[in-house]
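Reading through the structure tokens given below for one structure.
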Amino acid sequence: MSYDVIVIGSGPGGYVAAIRAAQLGFKVGVVEKENIGGVCLNWGCIPTKSLLKSAQALEYAKHAADYGVSISGEVKADFEAMVKRSRDVAGGMSRGVQFLFKKNKIEAINGYGRLKAKGTVEVEDDKGEKKSYSAKHIILATGARSRQLPNLPQDGKKIIGYREAMTLPKQPKSMVVVGSGAIGSEFANFYHNIGTAVTLVEYMPTVVPNEDEEVAKTLERSFKKAKMKVMTNASVESVDTKGKTCKVQVKTKKGEETIEAEVVLSAVGIAPNIENIGLEELGVEVENGKVKVDDFYRTNVEGVYAIGDIVHGPALAHVASAEGITCVEKIAGQNPDPVDYGNIPGCTYTSPEVSSVGLTEKKAKEAGYEIKVGKFPYTASGKAKAAGQPEGFVKLIFDAKYGELLGAHMIGGNVTEMIAEMVVAKKLEITGHELIKTIHPHPTMSEAIMEAAAAAYDEVIHL
């Protein structure tokens, strides 16, 4: 019942922190009330990518003739089979983390964990029985849930969150998706591609509003070209769920409009899980709805740490993992560098894909930089054309004075894989000319990175 480190929560922050702690010689316990792997493995990152891959396979089959392949008979989505596949993939990944726990001698404690006293965690199982566990170091990694809005009260049937969106009993004929961040855009893309009539509603002027403006506008055009209804500068005022369908009242600059749909998906962000975990009892400081921590995720209470979606910073799985590793390495007496929040990649797995790191063109100018911008379109990429994915571009932003890479923004096929190169380049402070002279293999979509750098310096070859 006594550990060196107890982690509450087994998502990509918690389980990674636990494994790294075990590698460093600590005796580790992980408290989890649901499935090992948390939201990411079971209800987020992994199963959504499975659904999107199924939709992509359907698109390929529908357009097989474009590639010289003849398919006879009707090509259609088997929604139940797609959902089953996504659940099987998620289940397999969860079992993989359980294997890693056994390999690293980490004890999984099933139940709801909360801070009880200094160095003590109380765990309540599904039968209501409570047990106490002690640890010198307690890491809170309780993650987040779908954010609820007063005018969008989720009932799990007609107004749903991301969890229900992955396990609906049947494919809806129509859907309104509220919010066009990564979660909203990915679900809108998936359901639209398998035949659901989707309306995507976004409060901000563009979809994926945190992305570079050119990228956002390109994605919006792509959605509209595919016949998805997209409403920006729009807000959902109310939803009437009394009848067979939902009547969604949407306010736009042109006035109000009522949209009928079988289901409304609320994708307006997430809310951190900081309630009922014992913060108040121990006096753990909270700031603007999140746990306040230092550069190494120490709270104001000695021996209590917090990582992931419950602390300030991007609510991304890879960020939580990095925070967890940094946290336990500091606990172990090592000297890790703090996480560089200016070099965090972001990915949206729509079709076309979107990825980015660093400053947008607008933010670079606002920060006072004199910049050089290079852009290379996929229409000039041999690999993209051969793959039947000529839509998109790579856009790089450099500091004109020193040549430092300030930001990279991409839309198109494979860009969620390509962004890692830019994260490395930014970390190593590679200049534009160094990137131009880094030979990229041909034919690849990644050549667009080298060409975009060359475009910034008027040295581009293939434009």
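The values are calculated or read from the model by the stated rules, or taken from the named source; none is laboratory data. Everything numeric in this text was worked out from a predicted model, so none of it was measured. Positions of Cβ are generated from backbone atoms using ideal geometry, with glycine treated the same way; all protein chains shown enter the neighbour counts. Surface accessibility is based on the protein's heavy atoms, side chains included, excluding ligands, DNA and RNA. Shrake-Rupley method; radii C 1.70, N 1.55, O 1.52, S 1.80 Å.
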- Message: Around residue 338, under 15 Å between beta carbons, what's the net of Lys plus Arg minus Asp minus Glu among the other residues?
- Response: -3
- Item | Cβ-placed point charges (K, R +1; D, E -1), dipole of the stretch 70-217 about Cα centre in debye, nearest 20 | 860
- Message: With every protein chain left in place and a probe of 1.4 Å, what is the accessible surface of residue 187, to the nearest 10 Å²?
- Response: 10
- Cross-link table 158/253; 102/427; 224/251; 158/217; 362/437, entries beyond 24 Å C-alpha to C-alpha: 158/253; 102/427; 158/217; 362/437
- Query: Relative contact order for the stretch 362-463: what is it in percent, counting Cα pairs under 8 Å that are at least 6 residues apart?
  - Reply: 31
- Item | Separation between Cα centres of the stretch 261-279 and the stretch 56-96, rounded to whole Å | 29
- Given labels modelled 7 Å from the Cα in the Cβ direction, how far is it in nm from residue 204 to residue 365? 1.7
- Query: Only one of the listed values, [x] 56, 26, 20; [y] 37, 30, 22; [z] 40, 31, 19, was derived from the coordinates as semi-axes √(5λ) of the Cα gyration tensor in Å; which label is it?
  - Reply: [y]
- Query: Which are the unpartnered cysteines of the chain, meaning those with no other cysteine Cβ under 4.7 Å from their Cβ?
  - Reply: 246, 327, 347
- Task: Enter the accessible area per residue of the chain (Å², integer; probe 1.4 Å; all protein chains in place).
- Result: 48
- Whole-Å distance, taken between Cα centres, linking the stretch 133-186 and the stretch 342-358: 21
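Sort 13-25, 41-53, 275-287 by the packing proxy (mean of other Cβ within 10 Å over each peptide's residues), most packed first.
Going from most to least packed, we get 13-25, 41-53, 275-287.
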- Query: Rounded to the nearest 20 Debye, what is the dipole magnitude of the chain about its Cα centre when Lys and Arg each give +1 and Asp and Glu each give -1 at the C-beta?
  - Reply: 1140
- Item | Length-normalised contact order for the chain - Cα pairs under 8 Å, 6+ apart - percent | 14
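Express the carbon and sulfur contribution to the solvent-accessible surface of the chain as a percent, rounded to the nearest whole number, probe 1.4 angstrom.
51
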- Note on the structure: the stretch 115-163: relative contact order from alpha carbon pairs under 8 Å, six or more residues apart, as a whole percent, is 22
- How far is it, in nm, from the label point at residue 463 to the one at residue 285 when both lie 7 Å from their Cα along the line to the Cβ? 4.8
- Given a Förster distance of 22 Å, the FRET efficiency implied by the Cβ-Cβ spacing of residue 242 and residue 149, rounded to the nearest 0.05, works out to 0.70
